[in-house]
Amino acid sequence: MKFISELIGAHRARYPAMALVDVYKLLHQAALGPAHAADAATALARLDAELAALGAGPDEPLVDPISPDGRLARVHLRPWAARGLPAARLAEAFTGTATGWTPDPGKLARFCGCLGDLAAAGGVPAPRAEVEGFVARCANDSWPALHHSEAFRRAYAPAYRLVDVALLPAGLA
């Protein structure tokens, strides 16, 4: 799939330490949306705490579309905070996405189905056999949500929320 190849290519260029689990997490989020929802007050409290603890990180776009239709995006917290945008607005968009997004496991299966070929072409940071085994295990486990790799967390300190761009303030998407 051209979109998957381009999405992974763009993310690997931005995040060279990306591992196979990070590729999977990206595709998981693109197909299934936010893995968990919290009530608005809890979401805002968690976001406020994360914003208060933000350290340095990579140069990232504010809104980083990850779904083929462009509706779902990672909204990176460092650019959000740098623009002085209200945390409450992002928490509201996140909770709205978490409660309103329809996960599509079939889409994730299709996304992951092309990873073996991408690995063979060098587009995934693992050998084809490893990728295919990993994908098979994830499929057998009903496509679990996984954390970023330790290398990814150390290198980039990821800080974002998955949001339906239609729920963002006008002019941000």
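The values are calculated or read from the model by the stated rules, or taken from the named source; none is laboratory data. Everything numeric here is computed off the predicted structure, so don't read it as measured data. Cβ atoms come from the backbone with ideal geometry, glycine included; neighbour counts cover every protein chain shown. To get the accessible areas, we keep the full protein, side chains included, count just its heavy atoms, and leave off ligands, DNA and RNA. Shrake-Rupley method; radii C 1.70, N 1.55, O 1.52, S 1.80 Å.
Can you tell me which residue is surrounded by the most Cβ atoms within 10 Å (Cβ to Cβ) among those in the stretch 73-116 that are part of a strand (DSSP E or B) and in contact with an Asp or Glu (Cβ under 6 Å, 6 or more places away or on another chain)? Residue satisfying both the conditions and the ranking: 73.
Set side by side, the residues 30, 56 differ, and just one is crowded, with 17+ Cβ neighbours inside 10 Å and either outside any loop (DSSP other than H, G, I, E, B) or modelled with pLDDT under 95 (or both), which is 30. Tallying residues that are open to solvent by 70 Å² or more (accessible area, probe 1.4 Å) and under 18 Å from the mean Cα position of the chain (by Cα) within the stretch 36-45 yields 1.
The residue pairs whose first member lies in the stretch 100-123 and is touching a residue at least 24 places away in the same chain (Cβ under 8 Å), whose second member is of a type in the set (Phe, Trp, Tyr), and whose beta carbons are closer than 6 Å, counting only pairs six or more residues apart or on different chains, are 105/143; 108/143. Each residue in the stretch 1-20 was checked for being assigned to a helix (DSSP H, G or I), out of contact with any Cys (no Cβ under 8 Å at 6 or more places or on another chain) and open to solvent by less than 30 Å² (accessible area, probe 1.4 Å), and 4 pass.
The one condition from (1) assigned to a helix (DSSP H, G or I); (2) buried (at least 18 other Cβ atoms within 10 Å of the Cβ) that residue 148 does not meet is (1). Pairs are defined by a Cβ separation below 8 Å, a sequence spacing of at least 6 or placement on different chains, a first member in the stretch 150-173 that is in contact (Cβ under 8 Å) with a residue 40 or more places away in the chain and over 18 Å from residue 31 (Cα atoms), and a second member that is among the aromatic types (Phe, Trp, Tyr) and part of a helix (DSSP H, G or I); the pairs so defined are 158/152.
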